[in-house]
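Structure, as C-alpha coordinates:
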Amino acid sequence: MEFAAKIVVKLNPKWRQVEEMLEKAIRIAAFTIERTSKEDCPVDTGATRNSITAREAGKLAWTIGPSTHYAPHLEYGTIHMTARPFMIPNAEKERPRFTKAVQDITREL
(Lines give C-alpha, C1' and ligand atoms only; values in the text may rest on other atoms or scores of the structure.)
Protein backbone atom coordinates (compact mmCIF):
# COMPACT_ATOMS: atom_id res chain seq x y z
CA MET A 1 0.00 0.00 0.00
CA GLU A 2 1.40 3.35 -1.04
CA PHE A 3 0.73 6.57 0.81
CA ALA A 4 1.36 9.97 -0.71
CA ALA A 5 0.58 13.36 0.67
CA LYS A 6 0.96 16.79 -0.81
CA ILE A 7 1.77 19.64 1.51
CA VAL A 8 1.29 23.16 0.28
CA VAL A 9 2.72 26.06 2.23
CA LYS A 10 1.65 29.53 1.27
CA LEU A 11 3.94 32.26 2.51
CA ASN A 12 2.87 35.84 2.78
CA PRO A 13 3.87 37.39 -0.56
CA LYS A 14 5.52 40.23 1.38
CA TRP A 15 7.94 37.83 3.07
CA ARG A 16 10.75 38.28 0.53
CA GLN A 17 10.51 42.05 0.84
CA VAL A 18 10.44 41.80 4.64
CA GLU A 19 13.42 39.45 4.62
CA GLU A 20 15.43 41.94 2.52
CA MET A 21 14.52 44.74 4.93
CA LEU A 22 15.60 42.59 7.90
CA GLU A 23 18.91 41.82 6.18
CA LYS A 24 19.48 45.55 5.70
CA ALA A 25 18.61 46.35 9.34
CA ILE A 26 21.03 43.68 10.58
CA ARG A 27 23.79 44.91 8.27
CA ILE A 28 23.31 48.52 9.44
CA ALA A 29 23.37 47.46 13.11
CA ALA A 30 26.51 45.34 12.57
CA PHE A 31 28.44 48.14 10.87
CA THR A 32 27.26 50.65 13.49
CA ILE A 33 28.56 48.41 16.28
CA GLU A 34 31.83 47.92 14.38
CA ARG A 35 32.29 51.69 13.94
CA THR A 36 31.40 52.70 17.51
CA SER A 37 33.49 49.88 18.99
CA LYS A 38 36.50 51.06 17.00
CA GLU A 39 35.92 54.57 18.34
CA ASP A 40 35.78 53.31 21.95
CA CYS A 41 38.51 50.66 21.78
CA PRO A 42 41.48 51.29 24.08
CA VAL A 43 44.51 51.97 21.91
CA ASP A 44 48.17 51.21 22.48
CA THR A 45 49.38 49.98 19.10
CA GLY A 46 45.97 50.10 17.39
CA ALA A 47 46.07 46.40 16.53
CA THR A 48 42.85 45.52 18.37
CA ARG A 49 40.99 48.55 17.01
CA ASN A 50 42.10 47.69 13.48
CA SER A 51 41.08 44.05 13.93
CA ILE A 52 37.43 44.83 14.77
CA THR A 53 35.29 43.71 11.85
CA ALA A 54 31.66 42.98 11.09
CA ARG A 55 31.33 39.80 9.03
CA GLU A 56 28.26 38.18 7.54
CA ALA A 57 27.83 34.74 9.11
CA GLY A 58 24.64 33.72 7.35
CA LYS A 59 21.60 35.17 5.68
CA LEU A 60 20.35 36.88 8.85
CA ALA A 61 23.45 36.60 11.04
CA TRP A 62 26.60 38.65 11.54
CA THR A 63 29.59 38.40 13.83
CA ILE A 64 31.29 41.54 15.07
CA GLY A 65 34.48 41.69 17.04
CA PRO A 66 38.24 41.95 17.26
CA SER A 67 40.67 39.20 16.39
CA THR A 68 43.63 39.99 18.64
CA HIS A 69 44.27 37.32 21.26
CA TYR A 70 44.27 39.88 24.10
CA ALA A 71 41.00 41.63 23.18
CA PRO A 72 39.02 39.67 25.83
CA HIS A 73 41.43 41.00 28.48
CA LEU A 74 40.60 44.55 27.43
CA GLU A 75 36.86 43.88 27.37
CA TYR A 76 36.59 41.94 30.63
CA GLY A 77 39.77 42.87 32.53
CA THR A 78 42.19 40.63 34.38
CA ILE A 79 43.43 40.38 37.95
CA HIS A 80 46.10 42.91 36.92
CA MET A 81 43.97 45.25 34.81
CA THR A 82 40.49 46.71 35.11
CA ALA A 83 38.03 46.05 32.31
CA ARG A 84 37.86 48.59 29.51
CA PRO A 85 34.80 47.33 27.63
CA PHE A 86 34.33 48.56 24.09
CA MET A 87 32.23 45.87 22.37
CA ILE A 88 29.39 44.99 24.72
CA PRO A 89 28.43 48.59 25.59
CA ASN A 90 28.18 49.46 21.91
CA ALA A 91 26.09 46.39 21.14
CA GLU A 92 23.80 47.33 24.03
CA LYS A 93 23.53 50.93 22.75
CA GLU A 94 22.49 49.64 19.34
CA ARG A 95 19.92 47.19 20.69
CA PRO A 96 16.97 49.66 21.05
CA ARG A 97 17.43 51.04 17.53
CA PHE A 98 17.71 47.55 16.08
CA THR A 99 14.70 46.30 18.04
CA LYS A 100 12.61 49.24 16.82
CA ALA A 101 13.71 48.65 13.23
CA VAL A 102 12.71 44.97 13.43
CA GLN A 103 9.37 45.88 15.00
CA ASP A 104 8.68 48.44 12.26
CA ILE A 105 9.59 45.92 9.55
CA THR A 106 7.58 43.02 10.96
CA ARG A 107 4.57 45.25 11.49
CA GLU A 108 4.30 45.11 7.68
CA LEU A 109 3.25 41.46 7.87
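Here are the numbers for this structure:
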| read-out | value |
| --- | --- |
| For peptides 53-62, 82-91, sequence by mean Cβ density within 10 Å, most packed first | 82-91, 53-62 |
| Relative contact order (percent, whole number), the chain, Cα cutoff 8 Å, 6+ residue spacing | 29 |
| Correct choice for Cα Rg over 2.2 N^0.38 Å that was computed from the model, options (i) 1.53; (ii) 1.43; (iii) 1.09 | (i) |
| Heavy-atom accessible area order for T106, T32, largest first, 1.4 Å probe | T106, T32 |
| Rounded tilt (10° steps) of 88-106 against the dominant C-alpha axis of the chain | 20 |
| Net +/- balance of residues flanking A54 in space, Cβ distance below 12 Å, scoring K and R +1, D and E -1 | +1 |
| MRE, 222 nm, helices only [DSSP H, n ≥ 4, -39500 (n - 2.57), over the chain, to nearest 500] | -16500 deg cm²/dmol |
| Average accessible area per residue (Å²) across the chain - probe 1.4 Å, nucleic acids and ligands excluded | 74 |
| The stretch 49-109, relative contact order [Cα under 8 Å, separation at least 6], % | 18 |
| For T53, residues with placed amide H under 5 Å, excluding near neighbours | G65 |
| Spatially proximal aspartates and glutamates relative to K100 (Cα-Cα < 19 Å; intrachain offsets below 8 disregarded) | E19, E20, E23, E92, E108 |
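The values are calculated or read from the model by the stated rules, or taken from the named source; none is laboratory data. These figures come from a predicted structure and were not determined experimentally. All Cβ positions, even for glycine, are placed from backbone atoms using ideal geometry, and neighbour counts span all protein chains on display. Just so you know, the surface numbers come from the protein's heavy atoms only, side chains and all, with ligands and any DNA or RNA stripped out. Shrake-Rupley method; radii C 1.70, N 1.55, O 1.52, S 1.80 Å.
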